[in-house]
Amino acid sequence: MSNKSVDLERLVSLAKRRGFVFPASEIYGGVAGVYDYGPYGSQLANNLRDAWWNYYVVSRPNIYGLDSAILQHPKLWEASGHIAGFTDPMVEDTKNHKRYRADHMAGLDSNNLEELKAALKDKKSPDGNPLSEPRIFNMMLKTYLGSVEDDTSISYLRPETAGGIYVNYENVRETMRAKIPFGIGQIGKAFRNEISPRDFLFRKRELEQCELQYFVKPENEKEEYENLRQISWDFVAKTIGLDEKKLTWHEHEADERAHYAAAAHDIYYEFPFGAKELAGVHDRTDFDLKSHMEGSGKDLSYFDQEKNERFVPFVMESSIGLDRLFLAVLTDAYHEEEVNGDKRVVLKLKPELAPVQVAVLPLSKDEKLSPLAFKVYEKLKDKFACEYDQTQSIGRRYRRQDEIGTPYCVTVDFDSLEDDSVTIRERDSMEQKRVKISELIESISL
Ligand code: GAP
């Protein structure tokens, strides 16, 4: 029994086949780097959002939630440094004009154009054509606000959710009467015009981020940073329950760090295409609040009444991409097993995260079974995420529920009509036990 063999193609295929993830606008040929979450995928994504929100926001007395707009004042992105610095190096195939990340093509972790030029000197594009010289490409998605499309109406779809938090720092501090240290958490869409989106949900152009900005005293910078690293690790390893053997820390060198970060550690996860960034913890110092003070002319400093002094808070950030978390959870859960000579594909999702927790399955479509089976469904549906399914043979329905990751199937058969009992089948062990309908809820432990 193993999930070692999991490759990306199998995950993509299962995600499509079982209604987790569809390519966006598929009937028109899709859009590179954009995906839609289907019925089970949107439920799993919601469960992951809830897990993040409960862990980071609801369960901490000094963390407040926010849902800021995707469109903000363009000056925000000037002050944050994104207009000047949110860039990736790019090269172009000179014949077919396909574009590639120059650093990926060169196999270098660098944004330095001279270094990249040297490394790419004799390289050809994947189609065997000469490459252009590398140049810098801004990844922000531009749009126009209002009816006139000119330079005065340019706006941007936010490239990270953090920006909306900084411009609301003072609003939240004041309304919540918050004292440093306190944090603001937010979940929402962000947009990046990635040069080469790839690896399914890993590098998207429309993505979702779950971000916490934690405002601290400058003198507590190091301690708070280490604390947030531990909190971020525990979220993926314990709350989400990803296999800890597949998680590692990766510390950024100075030339790898984003323009705002004085220190940065990524949590890498062993994806099917290698160990790559799942989440990031950044020490953003006072860069953000100071930049927005300069940009807006508003005072965002904090007055510490105990010490009778004023300072600009430092920001410690914990950020995770919901799509990458989704992909990591699928990767971890995917298992193939041999059962009686047949291959069984099963998603061993943590029961709390599973999109369907209990499937109620009448043994057949016989109309004698439906009323009781439906009564069982009605009894369970307010306690668990339930599905009622009477289509196809029972064997195929079990296989379908295994692939969706449903921890329990409850089968109603002809004996149930006589003995008021049903069969519970447990997903991972496939063990079946008979229980009284009156004791059913207590028999299912998530
Ligand atoms: N506010 C900090 C920030 O945006 P980042 O490292 O650029 O930092 C944070 O992004 C997280 O967002 C990453 O750790 C990753 O999980 C996710 N992410 C970034 N770019 C992504 C993309 N193109 N597709 C999917 N997720 C992405």
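Key figures
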{"quantity": "Any hit, segment 309-319, residues being near the ligand (Cβ under 10 Å from one of its atoms), assigned to a helix (DSSP H, G or I), under 30 Å from residue 348 (Cβ atoms) and open to solvent by less than 50 Å² (accessible area, probe 1.4 Å)", "calculated": "no"}
{"quantity": "Residue among 204, 245, 189 that is away from the ligand (no atom under 14 Å from the Cβ) and either of a type in the set (Phe, Trp, Tyr) or modelled with pLDDT of 95 or more (or both)", "calculated": "245"}
{"quantity": "Any hit, segment 86-99, residues being open to solvent by 70 Å² or more (accessible area, probe 1.4 Å), more than 20 Å from the chain's Cα centre (by Cα), over 30 Å from residue 290 (Cα atoms) and in contact (Cβ under 8 Å) with a residue 60 or more places away in the chain", "calculated": "yes"}
{"quantity": "Some residue of segment 208-220 being within 12 Å of the ligand (Cβ to nearest atom), touching a residue at least 24 places away in the same chain (Cβ under 8 Å), of a type outside the set (S, T, N, Q) and part of a loop (DSSP other than H, G, I, E, B)", "calculated": "no"}
{"quantity": "Residue among 108, 201, 141 that is surrounded by 13 or more Cβ atoms within 10 Å (Cβ to Cβ) and free of Cβ contacts under 8 Å to residues at least 60 places away in the same chain", "calculated": "108"}
{"quantity": "Within segment 248-280, considering residues that are at pLDDT 95 or above and hydroxyl-bearing (Ser, Thr, Tyr), the one surrounded by the most Cβ atoms within 10 Å (Cβ to Cβ)", "calculated": "269"}
{"quantity": "Sole exception among (1) part of a strand (DSSP E or B); (2) touching a residue at least 24 places away in the same chain (Cβ under 8 Å) for residue 303, by number", "calculated": "(2)"}
{"quantity": "Considering residues of segment 23-51 that are aromatic (Phe, Trp, Tyr) and away from the ligand (no atom under 16 Å from the Cβ) only, the residue nearest to residue 210 (Cα to Cα)", "calculated": "40"}
{"quantity": "Close pairs from segment 320-333: first part of a helix (DSSP H, G or I) and open to solvent by 10 Å² or more (accessible area, probe 1.4 Å), partner more than 8 Å from the ligand (Cβ to nearest atom) and among the hydroxyl-bearing types (Ser, Thr, Tyr), Cβ under 8 Å, at least 6 apart", "calculated": "324/269"}
{"quantity": "Yes/no for residue 237 being surrounded by 13 or more Cβ atoms within 10 Å (Cβ to Cβ), part of a helix (DSSP H, G or I) and within 28 Å of the chain's Cα centre (by Cα)", "calculated": "yes"}
{"quantity": "One residue from 44, 71 being among the aliphatic types (A, V, I, L, M) and surrounded by 17 or more Cβ atoms within 10 Å (Cβ to Cβ)", "calculated": "44"}
{"quantity": "Test: residue in segment 299-311 that is small (Gly, Ala, Ser), within 30 Å of residue 217 (Cα to Cα) and under 26 Å from the mean Cα position of the chain (by Cα)", "calculated": "no"}
{"quantity": "Sole exception among (1) at pLDDT 95 or above; (2) open to solvent by less than 40 Å² (accessible area, probe 1.4 Å) for residue 195, by number", "calculated": "(1)"}
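The values are calculated or read from the model by the stated rules, or taken from the named source; none is laboratory data. Every value quoted in this text rests on a predicted model; they were computed, and no experiment measured them. Please note: Cβ atoms are built from the backbone with ideal geometry, for glycine as well, and neighbour counts cover all protein chains shown. Ligands, DNA and RNA are excluded from the accessible area calculation, which covers all protein heavy atoms including side chains. Shrake-Rupley method; radii C 1.70, N 1.55, O 1.52, S 1.80 Å.
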